[in-house]
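> My questions will all concern the structure given below.
Only the coordinates and a few stated rules stand behind these numbers; no lab work does. In this text the structure is predicted, and so the values were computed from the model without any measurement. Cβ sites come from the backbone with ideal geometry, for glycine too, and all protein chains shown count toward neighbours.
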Amino acid sequence: MTNVHSVIGQGFGATTRAINGAVECDGKKPDLVQARINYYTQYCSQFGVAPGDNLSC
């Protein structure tokens with residue numbers, strides 16, 4: 001697995017790209033990317049924190 005430390009602070013989309021970008025990003029699996037974003041924003045809402053910018057890869 002790729003280390004995501006270098007993308008922390010660049011948004012959730014950068015984390016997704018670092019972990020699974022070759023499979024999901026750049027239009028390869030838009031439904032999967034959107035589902036991941038939806039889960040992330042739901043978790044953020046439950047914790048009362050803002051999801052931030054750059055959610056998509």
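> Once the Cα atoms of helix 30-47 and of the chain are each reduced to a long axis, what angle between those two axes, in degrees from 0 to 90 to the nearest 10, is obtained?
Helix 30-47 sits at roughly 30 degrees to that axis.
> Now, a different point. Could you please rank LEU32, LEU55, placing first whichever residue has the fewest other Cβ atoms within 10 Å of its Cβ?
Numbers: LEU32 14, LEU55 20.
In order of increasing Cβ crowding within 10 Å: LEU32, LEU55.
> What angle do you read, to the nearest 10 degrees and between 0 and 90, between the alpha-carbon axis of helix 12-24 and the longest principal axis of the chain?
30
> In debye, nearest 20: dipole of the chain around its Cα centre with unit charges on the Cβ of K, R (+) and D, E (-)? Don't jump to the answer; show the numbers that get you there.
Working: 4 positive and 4 negative charges, 17 e Å.
Once rounded to the nearest 20, the dipole reads 80 debye.
> In the calculated pair distance distribution of the chain, what percentage of Cα-Cα distances lie above 18 Å? All intermediate terms of the calculation are to be shown ahead of the outcome.
Numbers: 505 of 1596 pairs.
Taking all Cα-Cα pairs of the chain, the fraction more than 18 Å apart is 32 percent.
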